[in-house]
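The values are calculated or read from the model by the stated rules, or taken from the named source; none is laboratory data. Since we're looking at a predicted model, the values are computed, not measured. Ideal geometry is used to build each Cβ from the backbone, glycine not excepted, and the neighbour counts take in all protein chains shown.
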Amino acid sequence: MSAPSEETVRAEVRAWLEANWDPSLSLVEWRGILADSGWGVPHWPEDWYGRGLPQALVPAVEEEFQRIDAVGVAKVGIRMLAAATLLEHGSDMHKEKFLRRILTGEDTWCQLFSEPGSGSDLAGAATRADLKDDKWIINGQKVWTTSAHHAQYGLLLARTDWDAVKHQGLSYFVLDIEQPGVEVHPLRQMNGHASFNQVFFTDAVIEPEFQVGELGEGWKIATTTLMHERRGADALRSWAQVSQAEGRCYEDARAEVVTVMEPYKWYPQRAGRVDLVLERARESGAIDDAVTRDEIAKLMIMAKSAEWTARRARAAQLQGRPQGPEGSLGKLASSHVARAAARVHTSLSGADAMLTGSDGERDGVIAEILVSAPATSIAGGTDEIQRNIISERVLRLPKEPRTDTDRPFRDVPRNTVS
């Protein structure tokens with residue numbers, strides 16, 4: 001059966017919105033109606049809150065929502081990584097239990113991957129999952145976990161087989177964060193925010209049905225999550241764009257930004273705020289300096305190239321192609337852009353770029369850029385990891401020599417200094 005035309009889809013979603021959009025509803029009520037209609041995520045399968053439309057038609061649907069300022073489903077944050085992962089690897093029970101509440105925004109998620117002892121070597125995770133009395137018992141520690149302080153569920157990568165090689169001994173779970181065996185401690189960042197947390201597990205319990213995929217498939221499933229994360233690395237730049245119109249739905253959406261989305265408040269700054277550069281250069285008169293213009297031109301060229309890379313990734317997604325290494329290209333490009341933007345902002349402000357709060361440029365936004373930009377080179381996989389992925393999977397170069405992939409994980413040295 002051929003896909004409907006864009007005109008047909010626009011007409012259908014416009015008619016549905018005219019008959020159903022009601023800003024006086026609560027945000028959860030409206031999103032529930034929207035999720036059940038399939039128009040919230042029209043590219044999802046019809047059996048799971050979608051309409052089975054091609055990705056290429058999604059922008060047309062979104063434009064119809066924007067045309068009348070209608071609120072969409074909850075699409076931002078780790079919960080959408082959870083949704084994408086569960087759609088691909090989860091059981092029907094997982095999809096039935098979690099997907100609708102992800103779309104309504106009733107549940108918040110976190111990603112329990114990174115550990116203090118393994119850094120960017122995700123496959124070196126040492127958090128234990130031991131099967132006892134038909135339940136998984138979790139012990140260990142995760143770190144740099146965004147939103148864990150208010151999450152209901154976490155995507156957990158844990159080691160279930162210490163006698164297998166490192167990549168094959170991992171399994172993937174959905175963990176209930178709000179249980180006695182889980183302790184969450186916020187980490188204060190140098191930019192003043194506390195988006196990240198360290199999470200400790202002491203005999204936390206996971207029922208067997210909340211294992212995702214087969215035993216030992218954790219690395220494969222985690223790769224799916226990471227590919228979606230890298231492909232959508234710039235998706236949070238517009239996190240706070242909520243209408244100021246009147247109505248219960250709008251009020252709830254604004255409250256969501258202040259609470260649930262608070263950990264992402266500084267994400268536009270970590271991306272470098274390229275959007276502010278030309279405006280500031282004109283205001284300060286620095287645009288008349290030849291050297292400054294050269295640096296701005298270099299930044300704009302780099303930013304536009306990164307945008308085109310992101311568009312290629314989106315085009316691949318629209319064509320239904322699986323997540324691939326192009327996400328690493330975009331992720332690495334965003335790191336270069338953020339660092340270049342921080343340098344340009346510094347050149348425009350001089351020493352004043354170090355002033356925070358109301359004393360600083362743009363009420364301290366410029367100073368926040370300088371201390372936030374380094375995070376782009378770390379979060380979601382370091383620049384070094386992205387370069388390895390690009391070299392091995394795109395350029396087909398030989399892999400780095402490894403000494404930890406051909407023996408049981410229990411025999412691999414960890415946290416040692418040579």
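On the given criteria, is residue 48 touching a residue at least 24 places away in the same chain (Cβ under 8 Å), touching a Lys or Arg at 6+ places or on another chain (Cβ under 8 Å), among the aromatic types (Phe, Trp, Tyr) and not assigned by TED's automatic domain parsing to the domain that holds residue 176? Working first, answer last.
On the way: touching a residue at least 24 places away in the same chain (Cβ under 8 Å): yes; touching a Lys or Arg at 6+ places or on another chain (Cβ under 8 Å): yes; among the aromatic types (Phe, Trp, Tyr): yes; not assigned by TED's automatic domain parsing to the domain that holds residue 176: yes.
Against the criterion (touching a residue at least 24 places away in the same chain (Cβ under 8 Å), touching a Lys or Arg at 6+ places or on another chain (Cβ under 8 Å), among the aromatic types (Phe, Trp, Tyr) and not assigned by TED's automatic domain parsing to the domain that holds residue 176), residue 48 qualifies.
Pairs are defined by a Cβ separation below 8 Å, a sequence spacing of at least 6 or placement on different chains, a first member in the stretch 373-394 that is in a loop (DSSP other than H, G, I, E, B), and a second member that is of a type in the set (Ser, Thr, Tyr); the pairs so defined are 381/120; 381/328; 382/120.
Got a sec? Which helices (runs of 4 or more DSSP H) wholly within the stretch 34-120 have at least 3 residues that are loosely packed, with under 15 Cβ neighbours inside 10 Å? Give the steps one after another, and end with the answer.
Values: elements: 58-67, 78-89, 92-104.
Because the criterion is at least 3 residues that are loosely packed, with under 15 Cβ neighbours inside 10 Å, the helices (runs of 4 or more DSSP H) in the stretch 34-120 that meet it are 58-67, 92-104.
I'd like to know if the stretch 109-124 contains one or more residues that are in contact with a His (Cβ under 9 Å, 6 or more places away or on another chain), in contact (Cβ under 8 Å) with a residue 12 or more places away in the chain and among the small types (Gly, Ala, Ser). Looking for residues that are in contact with a His (Cβ under 9 Å, 6 or more places away or on another chain), in contact (Cβ under 8 Å) with a residue 12 or more places away in the chain and among the small types (Gly, Ala, Ser), one finds at least one in the stretch 109-124, hence yes. Every test in (1) farther than 29 Å from residue 412 by Cβ; (2) at pLDDT 95 or above; (3) within 18 Å of the chain's Cα centre (by Cα) is passed by residue 95 save one, and that test is (3).
If the condition is being within 22 Å of the chain's Cα centre (by Cα) and of a type in the set (D, E, K, R), then the stretch 199-217 contributes only 217.
Please verify whether residue 86 is in contact (Cβ under 8 Å) with a residue 12 or more places away in the chain and touching a strand residue (DSSP E or B) at 6+ places or on another chain (Cβ under 8 Å), treating the condition exactly as stated.
Numbers: in contact (Cβ under 8 Å) with a residue 12 or more places away in the chain: yes; touching a strand residue (DSSP E or B) at 6+ places or on another chain (Cβ under 8 Å): yes.
Yes, satisfied.
Within the bounds of the stretch 269-278, is there any residue that is closer than 30 Å to residue 24 by Cα, touching a residue at least 24 places away in the same chain (Cβ under 8 Å) and assigned to a loop (DSSP other than H, G, I, E, B)? So far as the stretch 269-278 goes, no, none of its residues is closer than 30 Å to residue 24 by Cα, touching a residue at least 24 places away in the same chain (Cβ under 8 Å) and assigned to a loop (DSSP other than H, G, I, E, B).
If the requirement is being in contact with a strand residue (DSSP E or B) (Cβ under 8 Å, 6 or more places away or on another chain) and either closer than 17 Å to residue 410 by Cβ or modelled with pLDDT under 95 (or both), which of these qualifies: 175, 170, 155? Spell out how you get there, then give the answer.
Values: 175 fails: either closer than 17 Å to residue 410 by Cβ or modelled with pLDDT under 95 (or both); 155 fails: either closer than 17 Å to residue 410 by Cβ or modelled with pLDDT under 95 (or both).
Result of the check over 175, 170, 155: 170.
Here 355, 370, 348 are screened, and the one residue that is surrounded by fewer than 16 Cβ atoms within 10 Å (Cβ to Cβ) and not polar (S, T, N, Q) is 355.
Pairing residues of the stretch 355-368 that are assigned to a helix (DSSP H, G or I) with residues that are β-branched (Val, Ile, Thr), at Cβ distances under 7 Å and at least 6 apart in sequence or on separate chains, gives 364/356; 367/356. Candidates in the stretch 234-259 are the residues that are within 29 Å of residue 303 (Cβ to Cβ) and part of a loop (DSSP other than H, G, I, E, B); of these, the one that is modelled with the highest pLDDT is 244.
I'd like to check something: does the stretch 2-17 contain any residue that is part of a loop (DSSP other than H, G, I, E, B), out of contact with any strand residue (DSSP E or B) (no Cβ under 7 Å at 6 or more places or on another chain) and within 26 Å of residue 108 (Cα to Cα)? No, the stretch 2-17 contains no residue that is part of a loop (DSSP other than H, G, I, E, B), out of contact with any strand residue (DSSP E or B) (no Cβ under 7 Å at 6 or more places or on another chain) and within 26 Å of residue 108 (Cα to Cα).
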